[in-house]
Amino acid sequence: MEKSRIDLPIGITLDRFIKSNQSQYPHAAGALSQLLRDLALASKVVNREINKAGLIDIMGYVGQMNSAGDNQQKLDLLANTRFTRALSKGGEAGGIASEETDSFVDLHNGGKYIVTIDPLDGSSNIDVNVSVGTIFSIYKKQSPLDEPLVEQDFLQKGRLQIAAGYILYGSSTMFVYSTGNGVNGFTYESTLGEYVLSHPDIQFGESCSYFSMNEALCLDIMDQEVLNFISFCKEERITARYIGSLVADFHRNLLKGGVFLYPRTQKYPNGKLRLLFESNALAFLAEQAGGLAISNERPILDIQPTSIHETAEFYVGT
Ligand code: AHG
Ligand code: MN
Ligand code: MN
């Protein structure tokens, strides 16, 4: 279907952009707009916490693990609290599933959307002042609005996302999202306290300038095709770049052209990255930006999830 072109004036604030395009996006009625604004607001608070992470006692581990077996960091939990609080106060999200909690949270407010979120992505990079992120997906609640949420409400194919995006807390902070009509990037202007449109209608470049993967995994990779692809990248002298924060790696590849790989390995036979909290959102953005996201030789957006913390191998990019 032909995309309806929208007016994308550089410098417009995220708030105004959401409001002015509300009618042009298929699903962006008032409630979804408010939900996006709630996420943006929480991200500003998280951004502030991250910026002062070295000065106050919010770095390091809390001494417990999340469902995926990751050691939780103080900032993982802090970011989770900020986003959960903003979404529950906003009243548009009926429920949240987060990488940091075992089960979903029902906000019991009749909200027609649900949110899945990786509140802090790349948290092992915090202590060393390297970019981290937040990844989110928004779906419509499938069960009747007057009934409690059920796990099935969260087990939706990525294809059914109404909107998805990420926040990159990097050398500048960016809010990048799509409601299914292209991808737009907003840079945080801290003196204004606003996200401002800086990267309208982002498209993957045609050429692949980078490949990104944890090469230490090579001996444990289970698929010969993946090893062949890595050899091909090297033969073609494609530059290797791996930060270890998925959001940052994805963002670089999106802007500059590149491919990110997290294959199946001996340690992670289903891949490491989480379908609901990480891969689906980025896959949605990738397809919107003219790229591809594959798992098990098919679009990752077509996978029917069977559990909230499910992982999948993930190949995404140009
Ligand atoms: P999180 O901090 O949310 O647990 O995510 C970490 C993820 C992802 O950001 C990154 O791409 C990947 O883990 C790195 O994994 P390796 O350390 O195995 O390379
Ligand atoms: Mn993550
Ligand atoms: Mn995380």
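Computed from the coordinates by the stated procedures, all read-outs in this text should not be read as laboratory data. Predicted model only: the values in this text are computed from it and were never measured. With ideal geometry, Cβ positions are generated from the backbone for all residues, glycine too; neighbour counts draw on all protein chains shown.
Compared with the direct C-alpha span, the chain from Lys157 to Leu292 gains 47.0 nm at full extension, assuming 0.36 nm per residue. A convex hull fitted around the alpha carbon atoms of segment 145-227 yields 226 Å³ per residue. Would you mind checking Lys19/Lys89; Lys44/Lys267; Lys140/Lys267; Lys112/Lys267; Lys74/Lys157; Lys52/Lys140 for any pair whose Cα atoms are more than 29 angstrom apart? Among Lys19/Lys89; Lys44/Lys267; Lys140/Lys267; Lys112/Lys267; Lys74/Lys157; Lys52/Lys140, the Cα-Cα distance tops 29 Å for Lys44/Lys267; Lys140/Lys267; Lys112/Lys267; Lys74/Lys157; Lys52/Lys140. Assign one of three labels to segment 14-199, namely rounded, prolate or oblate, based on the Cα gyration tensor with a ≥ b ≥ c the square roots of its eigenvalues; rounded applies when a/c is under 1.5, prolate when it is not and a/b is larger than b/c, and oblate otherwise. Judged from the Cα gyration tensor, segment 14-199 comes out oblate (a/c at least 1.5, b/c at or above a/b).
Cross-link partners for Lys256 among the aspartates and glutamates, with Cα-Cα distance under 15 Å and sequence neighbours closer than 8 places in the same chain left out: Asp201, Glu206.
The listed peptides 228-237, 117-126, ordered by packing as a protection proxy, come out as 117-126, 228-237 (highest mean of other Cβ atoms within 10 Å first).
Viscosity 0.890 mPa s, temperature 25 °C: Stokes-Einstein D of segment 210-317 from its Kirkwood Cα radius, in µm² per second? Here the translational diffusion coefficient equals 177 µm²/s.
Based on alpha carbons, the Rg and Dmax found for the chain are 18.6, 58 Å. Rounded to the nearest 0.05, the FRET efficiency derived from the C-beta distance between Ser103 and Glu235 at R0 = 51 Å is 0.65. Relative contact order, whole percent, for the chain stands at 16, derived from Cα pairs under 8 Å and 6 or more residues apart.
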